[in-house]
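All remarks here apply to the structure that follows.
The values are calculated or read from the model by the stated rules, or taken from the named source; none is laboratory data. If you're wondering where the values come from, they're calculated on a predicted model, not measured in any experiment. FYI the Cβ positions are ideal-geometry reconstructions off the backbone, even for glycines, and counts take in every protein chain you see. Keep in mind that these areas ignore ligands, DNA and RNA; they rest on the heavy atoms of the full protein, side chains included. Shrake-Rupley method; radii C 1.70, N 1.55, O 1.52, S 1.80 Å.
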Amino acid sequence: MMKIITNATVITVNEQNEVIYNGAVGFDGGKITYVGKTPEDLSAYDEIIDGTNKYLMPGFINTHGHVGMSLLRGFADDLPLKQWLEDKMWPMEGQFTAEHVKWGTAISIIEMIRTGTTTFVDMYDHMETVAQEVEASGMRGVLCRGVIGFCSEEERQQKLQEAASFASRWNGAANGRIHTMMSPHAPYTCSPEYIQQILEKAIELNVPLHIHMSESKAEVEQNVQDYGVRPVAHLENLGVFNHPTLVAHAVHLTDEEIDTLAKYNVKVAHNPISNLKLASGVARVPEMLAKGVCVSLATDSSASNNNLNLFEELKLAAILHKGVSYDPEVVPAEEALRMATRYAADAVFQKDSLGSLEVGKKADMIMLNAAQAHFQPANDPISHVVYAANGYDVTDTIVDGHFLMKDKELITMDEQKAIAEVNRVFALLKQ
């Protein structure tokens, strides 16, 4: 069924950063078939959707998170990372069942649909449940069973097999909307031997690797104490970077380490709000971008953010690095927007199908209501998206050519039920 959105301001995020006024995007079978000015003759289309007074742009791609942790939103704030993890998060998460993760995932997906995210990366446990929610919701997910090695050898091997089985069975599922990765949680939670075993499985299954790395100073210092080198050299020595890899955070890097990431084409998920809230620091994003490192945007979990509104990361990425570098020209609006879309598609190894509005790519799109005071005067749409917009300006969210939200109404998810269930299971968890 051929559909077309007409009369919109189309922010393509193509290589030329083209913005098309009175623009249109046609799509059929989940793929974009036309991008350009609104045609005079629309007779070829089965459905015509009026985009007057709207921005039409690629959906955002959230390249690192733990959606089940939305159940712990507001549970433990204002703590250092190590204490936050070991004293608060891990004890609570140890009680999670598939039902907890189901409703945490559902509420997260609803939040992401409402705020313009069409694809998300998730590293967690009970990933069968997460995958089922992604499939039912119509979202696009890049999913991995996060593996922590603090357990017996028997349990480690069981986790490894679970992760590999999940990655094998779900890769390409949900009509191609689900991709998978293998995921050792971090160098400080997995031994070198265990990381190599996980890497071997990733190579065998031909799926990328996703890992936390150099998030805090303490983590880097611990790595030196334990293994004699910093995390980047540690993972390089283990052969991790010879395989397609997405690292989360990469806050504490030297010039040489940035060169190493560039050399191996390691992708980076930048989580500015989570890193600031946990006092982990500020990643050297301008330096990474200057060296050609692919840097994308991510929220991390609702427990450390405390939301999944990628528009907040977008604005912060554009202004934070200006402030700390005293340079107003670093990470301009166009570059920040690419980090949420085009670069993010590269970070999840889908740059040929996602991240921009171009013929042949997936019809993953969002529309924003631009007929509001904070979008006026109708000057520079990219500036307005980055510096003025909020996720709740999104009116429509489309994945694979299907509306998940239309005119602010959710199509695939029951929001009130998810809200009620999240509060019910959390109340039981606290008892």
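Whats the longest run of the chain with zero chymotrypsin sites (Phe, Trp or Tyr not before Pro) that are DSSP loop and have at most 12 other Cβ atoms within 10 Å?
Of all site-free stretches, the longest is 151-325.
Where in the chain lies the longest segment free of GluC sites (Glu not before Pro) that are both loop residues by DSSP (not H, G, I, E, B) and have at most 12 other Cβ atoms within 10 Å?
With a cap of 12 other Cβ atoms within 10 Å, the longest stretch comes to 41-328.
Around L404, which amide H atoms from residues at least 5 apart in sequence, or from another chain, sit under 5 Å from its own amide H, with H modelled in the peptide plane?
Residues meeting the amide H criterion: T397, I398, V399.
Each residue of region 356-371 in order: what ³J(HN,Hα) in whole Hz does its phi give by Karplus 6.51 cos²θ - 1.76 cosθ + 1.60, θ = phi - 60°, with x for Gly and Pro?
7, 9, 9, 4, x, 7, 5, 7, 10, 9, 9, 10, 10, 6, 8, 8
Would you kindly state how much longer the chain becomes between F150 and N22 on full extension, computed as 0.36 nm times their sequence separation minus their alpha carbon distance, in nm to one decimal?
Once the chain is fully extended between F150 and N22, it gains 40.4 nm.
May I ask you to compute the full-extension gain from Q372 to E204, defined as 0.36 nm times their residue separation minus their alpha-carbon distance, rounded to one decimal in nm?
Residue separation times 0.36 nm, minus the Cα-Cα distance, leaves 55.3 nm.
Using modelled amide H (1.01 Å from N, peptide plane; none on Pro or chain starts), what sits under 5 Å from the amide H of N7, excluding residues fewer than 5 places away?
So N7 has HN proximity to G23, T38, G51.
Between A218 and N242, what FRET efficiency comes out of the Förster formula 1/(1 + (r/R0)^6) with R0 = 22 Å and r the beta carbon distance, rounded to 0.05?
Step by step, r from the Cβ atoms, then E = 0.20.
In whole angstrom, how long is each semi-axis of the equivalent ellipsoid of region 152-212, when you take the square root of 5 times every eigenvalue of its Cα gyration tensor and sort them from largest down?
Semi-axis lengths for region 152-212 are 21, 12, 9 Å.
When the accessible area of the chain is split by element with a 1.4 Å probe, what percent falls to carbon and sulfur?
In the chain, the share of accessible area belonging to carbon and sulfur is 49 percent.
Counting only heavy atoms of protein chains, what accessible area per residue, in Å², does the chain have with a probe of 1.4 Å?
For the chain, the solvent-accessible area averages 38 Å² per residue.
Check which residues have an amide H placed less than 5 Å from N14's amide H, if you skip close sequence neighbours.
Under 5 Å from the amide H of N14 lie the amide H atoms of L357, each far enough along the sequence or on another chain.
For region 101-141, restrict the atom set to alpha-carbon positions and state the Rg and Dmax in Å.
Using the Cα atoms of region 101-141, the pair Rg, Dmax is 9.1, 25 Å.
Report ³J(HN,Hα) in whole Hz for each residue of region 56-62, in order, from the Karplus equation J = 6.51 cos²θ - 1.76 cosθ + 1.60 where θ = phi - 60°; Gly and Pro get x.
Here the 3J(HN,Hα) series is 10, 8, x, x, 6, 10, 8 Hz.
At V229 and D41, where each label point lies 7 Å from the Cα along Cα→Cβ, what is the point-to-point distance in nanometres?
6.4
Taking the Cα centre of each part, how many Å lie between region 280-329 and region 153-170?
33
Per DSSP helix of 4 or more residues, -39500 (n - 2.57); summed, then divided by the residues of the chain. What does that give at 222 nm, rounded to the nearest 500?
So the helix-based figure for the chain works out to -10500 deg cm²/dmol.
Per residue of region 193-204, in order, report the coupling 6.51 cos²θ - 1.76 cosθ + 1.60 (Karplus, θ = phi - 60°) as ³J(HN,Hα) in whole Hz, putting x for Gly and Pro.
Residue by residue, region 193-204 yields 5, 5, 4, 5, 5, 5, 4, 4, 5, 4, 5, 4 Hz.
Quick one: plug the Kirkwood hydrodynamic radius of the chain (C-alpha pairs) into Stokes-Einstein at 10 °C, 1.306 mPa s, and report D in µm²/s.
After rounding, the answer is 73 µm²/s.
Can you give the angle from 0 to 90° between the axis of helix 310-325 and the longest principal axis of the chain, with both taken from C-alpha atoms, to the nearest 10?
With rounding to tens, the tilt is 70 degrees.
Expressed in nm to one decimal, what extension gain is obtained for the pair Q83 and A420 from 0.36 nm per residue of sequence separation less their Cα-Cα distance?
118.3 nm
What residue among A98, A303, A317 shows peak mean-square fluctuation when the chain is described by a Gaussian network model with Cα springs under 10 Å?
Of A98, A303, A317, the most mobile in the Gaussian network model is A98.
So, counting K/R as plus one and D/E as minus one, what does the shell of residues with Cβ under 15 Å around L410 add up to?
-3
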